[in-house]
Amino acid sequence: MDRRWSIAGPIASDFATRFPEIPRIVLQILVNRGVLRTDMRSDEAQKAIDEFLNPDYGSDIHDPFLFRDMTKAVERIRMAISNQEKITVYGDYDADGVSGAVILTTTVRALGATVDVYIPHRETEGYGVNRTAVDTIADGGTRVVITTDCGISNRDEILHANERGIDVIITDHHTLPALLPPAYAIIHPLAPHETYPFKSLAGGGVAFKFAQALLRTITPSPSRRGKGEVFDPSAFEKWLLDMVVVSTVADMMPLMGENRTLVTYGLIVLNKTKRLGLKKLIDLAGLAKNGRALDTYSVGWGIAPRINAAGRMDHANTAYALCMTENAEEAEELALALNRANTERQETVQRIVEEARARIGDPSKVPVLVAHGHDWPLGLVGLVAGKFSDEMYRPTIIMTNRQGEIAGSGRSIAGFNLIEALQKLPPSLFKKFGGHPMACGFTLASPSVIDDFTAALRAYAKKELTIESLVPTLRIDGEIKLKDIHWELWERLEHLEPFGEKNPRPRYCATAVMLIRVDRIGKDGQHIRCTLEQEGTTHPCIAFGAAELFSNFARGDVVDAVFEIDVNEWNGNRTLQLKIVDIKKSETLNSKS
């Protein structure tokens with residue numbers, strides 16, 4: 001796929017001289033990421049630099065009581081503990097929701113509450129709070145429900161919970177509906193008139209803020225602690241951060257502001273986690289080989305998919321149990337089960353992608369890709385949609401039959417707000433829907449409206465999307481010479497970790513470089529190992545899954561290349577290598593030399 005290269009212009013020299021202690025290449029990244037603006041006052045800019053480069057848990061984490069309803073919510077839990085009322089934590093079935101459920105259940109139990117957990121089945125119950133679950137929870141004696149990563153779109157279900165004598169405290173971060181549910185308290189960073197300053201917490205992050213407030217307010221009575229046991233709320237709070245980093249990275253929340261601080265410290269905790277199941281999962285996934293530290297890549301591509309696989313392939317209770325177990329044998333069994341589920345998930349997704357590809361047809365003729373299958377697992381259609389939106393750069397909707405209904409999931413592209421698009425369609429098309437600008441889930445009103453839904457969505461998208469918006473933009477942090485790539489540069493760039501959403505690994509462009517070696521490697525030759533040369537300097541490169549991209553290039557070609565600066569570790573040796581992101585015939589020099 002052709003991509004538009006957007007190379008950031010260099011920062012002005014007068015701006016750079018204001019911060020002589022910051023390497024210019026790092027300062028450039030801070031400007032590119034929006035951390036710094038050239039019109040910032042010096043004190044304001046210095047504060048932003050300090051928070052980004054040296055996050056401090058003591059000063060860069062906001063007071064949880066800045067949430068408007070936090071005091072009210074905490075007091076309700078205090079009352080429940082005092083009166084020995086049963087509490088149920090109601091979580092979502094993905095890694096974000098499971099993490100939030102672990103955080104809240106662990107916390108309220110430690111504070112002396114009688115607590116249960118309820119995570120709905122993705123296939124049979126669908127997303128969010130449902131009426132049947134409310135009745136089951138009420139019949140079990142629950143008087144307080146705390147939701148995590150769900151609830152804000154469940155007005156009718158929360159009303160039903162109220163009628164059953166249950167007070168509901170919603171902790172969520174999803175897109176707000178037109179009418180909020182009549183909950184006892186709503187802890188949501190985007191709620192109307194909300195006073196909490198940071199708006200981009202994950203569902204697990206919001207749950208953590210509630211846990212923070214509880215731990216800083218409620219002291220468990222001696223009768224509810226072990227004999228001679230001392231409860232340290234500050235230490236307890238920090239040990240929850242392993243689940244916060246899983247939730248934040250898994251849900252692709254921006255690693256800026258408070259999230260950056262939470263993830264920075266969360267990675268420290270994750271590398272020391274006390275959770276037996278999580279340790280086993282990390283070992284099975286091979287994420288800690290040779291003493292390698294876990295990072296956001298380990299979470300996003302190793303831990304989160306395995307936790308998500310539980311809810312996608314069977315029930316998220318397996319993932320929840322893995323994070324909660326204190327039994328080594330059970331931890332190993334659960335980790336093995338999640339590993340198997342993840343392998344099965346990968347194989348099934350590939351099958352669905354192949355089937356959906358035939359039904360989508362020519363992507364260039366429609367603004368939104370749509371496919372419908374009869375036996376595709378609901379837990380996997382979002383992953384399939386994501387693969388098509390990445391590959392073909394079109395908003396994508398994948399639907400399947402679920403208990404006689406048509407349910408679906410969507411993934412979008414930059415500049416097209418998917419949840420807003422659904423909100424603009426006729427309400428009669430839906431039974432329910434929810435999500436984010438980049439992702440959505442929904443159930444249609446009936447199978448008979450599939451064609452109407454598809455036509456209405458494509459008509460809306462046709463007005464919103466331009467030809468230019470359907471060409472992906474590759475954002476590049478600057479142009480660089482190969483001779484300027486060295487270990488000192490790599491070390492400076494590593495100070496910008498943790499990398500992730502809104503803070504990707506820096507990407508650079510080198511122009512008029514020569515391919516002096518090109519080899520296909522890996523299974524079926526899908527990966528490329530090559531060497532680039534420029535003005536006498538050479539660097540080894542790797543390009544994963546790039547056989548098709550390199551099909552028009554050969555040894556001796558002069559090219560422009562976009563890459564990340566990486567490290568290759570092999571047999572105890574460490575060498576710098578360039579990870580190729582894109583490559584094209586050189587615009588500077590088109591002839592071979």
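Looking for whichever is modelled with pLDDT under 95 and touching a helix residue (DSSP H, G or I) at 6+ places or on another chain (Cβ under 7 Å) here; the options are Val513, Val471, Val518, Val449. Which one fits?
One residue alone meets the criteria, Val518.
Which of (1) touching a helix residue (DSSP H, G or I) at 6+ places or on another chain (Cβ under 8 Å); (2) within 25 Å of Arg292 (Cα to Cα); (3) of a type in the set (Val, Ile, Thr); (4) crowded, with 18+ Cβ neighbours inside 10 Å does Val581 not meet, given it meets every other one?
Answer for Val581: the failing condition is (1).
Going residue by residue through the range 1-14, is there one that turns out to be over 29 Å from Pro472 (Cα atoms) and in a loop (DSSP other than H, G, I, E, B)?
No, every residue in the range 1-14 fails to be over 29 Å from Pro472 (Cα atoms) and in a loop (DSSP other than H, G, I, E, B).
Could you tell me whether Ala73 is surrounded by 24 or more Cβ atoms within 10 Å (Cβ to Cβ), over 16 Å from Gly151 (Cβ atoms) and modelled with pLDDT of 95 or more?
It is false that Ala73 is surrounded by 24 or more Cβ atoms within 10 Å (Cβ to Cβ), over 16 Å from Gly151 (Cβ atoms) and modelled with pLDDT of 95 or more.
Taking into account only those residues within the range 122-149 that are surrounded by 14 or more Cβ atoms within 10 Å (Cβ to Cβ) and among the acidic types (Asp, Glu), which is nearest to Met243 (Cα to Cα)?
Per the stated criteria, the residue is Asp149.
Return the only residue of Ile450, Ile406, Ile398 being within 17 Å of His374 (Cα to Cα) and touching a residue at least 60 places away in the same chain (Cβ under 8 Å).
Ile450
Checking the condition more than 30 Å from Tyr265 (Cα to Cα) and of a type in the set (D, E, K, R), which residue from Arg520, Arg475, Arg492, Arg505 passes?
Arg520
Among (1) at pLDDT 95 or above; (2) not in a helix (DSSP H, G or I), which single condition is Thr38 missing?
Of everything listed in (1) at pLDDT 95 or above; (2) not in a helix (DSSP H, G or I), Thr38 misses just condition (1).
Taking helices (runs of 4 or more DSSP H) that fall entirely within the range 69-172, which contain at least 1 residues that are more than 30 Å from the chain's Cα centre (by Cα)?
Filter on the range 69-172 gives 70-82, 131-139, 155-163.
Give, as residue ranges, the strands (runs of 3 or more DSSP E) completely inside the range 477-593 that count at least 2 residues that are closer than 22 Å to Pro23 by Cβ.
It comes to 507-521, 537-543, 558-570, 573-585.
For the range 177-190, give me each residue that is surrounded by fewer than 18 Cβ atoms within 10 Å (Cβ to Cβ) and within 26 Å of the chain's Cα centre (by Cα).
Pro177, Ala178, Leu180, Leu190, listed by residue number.
Looking at Ala211, Ala316, which one is outside the structural domain of Arg109 (by TED's automatic domain parsing), among the small types (Gly, Ala, Ser) and touching a helix residue (DSSP H, G or I) at 6+ places or on another chain (Cβ under 7 Å)?
Result of the check over Ala211, Ala316: Ala316.
Among the residues of the range 257-305, how many are in a loop (DSSP other than H, G, I, E, B) and among the β-branched types (Val, Ile, Thr)?
Adding up the residues that qualify gives 1.
Please enumerate the residues belonging to the range 312-347 that are free of Cβ contacts under 8 Å to residues at least 60 places away in the same chain, assigned to a loop (DSSP other than H, G, I, E, B) and not β-branched (Val, Ile, Thr).
Of everything in the range 312-347, those that are free of Cβ contacts under 8 Å to residues at least 60 places away in the same chain, assigned to a loop (DSSP other than H, G, I, E, B) and not β-branched (Val, Ile, Thr) turn out to be Asp314, Glu326, Asn327.
Quick one: Ser364 ticks every box in (1) crowded, with 17+ Cβ neighbours inside 10 Å; (2) under 23 Å from Ala455 (Cα atoms) except a single one, so which number is it?
Among (1) crowded, with 17+ Cβ neighbours inside 10 Å; (2) under 23 Å from Ala455 (Cα atoms), the lone unmet condition for Ser364 is (1).
With (1) touching a helix residue (DSSP H, G or I) at 6+ places or on another chain (Cβ under 7 Å); (2) within 25 Å of Leu380 (Cβ to Cβ); (3) touching a residue at least 40 places away in the same chain (Cβ under 8 Å); (4) not aromatic (Phe, Trp, Tyr) as the list, and Cys440 as the residue in question, which single condition is left unmet?
It is condition (3) that Cys440 fails.
Any residue that is at pLDDT 95 or above and small (Gly, Ala, Ser) - is there at least one of those in the range 215-233?
No, because not a single residue in the range 215-233 is at pLDDT 95 or above and small (Gly, Ala, Ser).
Condition first: assigned to a helix (DSSP H, G or I), farther than 17 Å from Tyr460 by Cα and among the polar types (S, T, N, Q). Now tell me which residues in the range 360-400 satisfy that.
Ser389
The values are calculated or read from the model by the stated rules, or taken from the named source; none is laboratory data. Bear in mind the structure is a predicted one, so any value in this text is a computation, not a measurement. All Cβ positions, glycine included, derive from the backbone under ideal geometry; neighbour counts span all protein chains shown.
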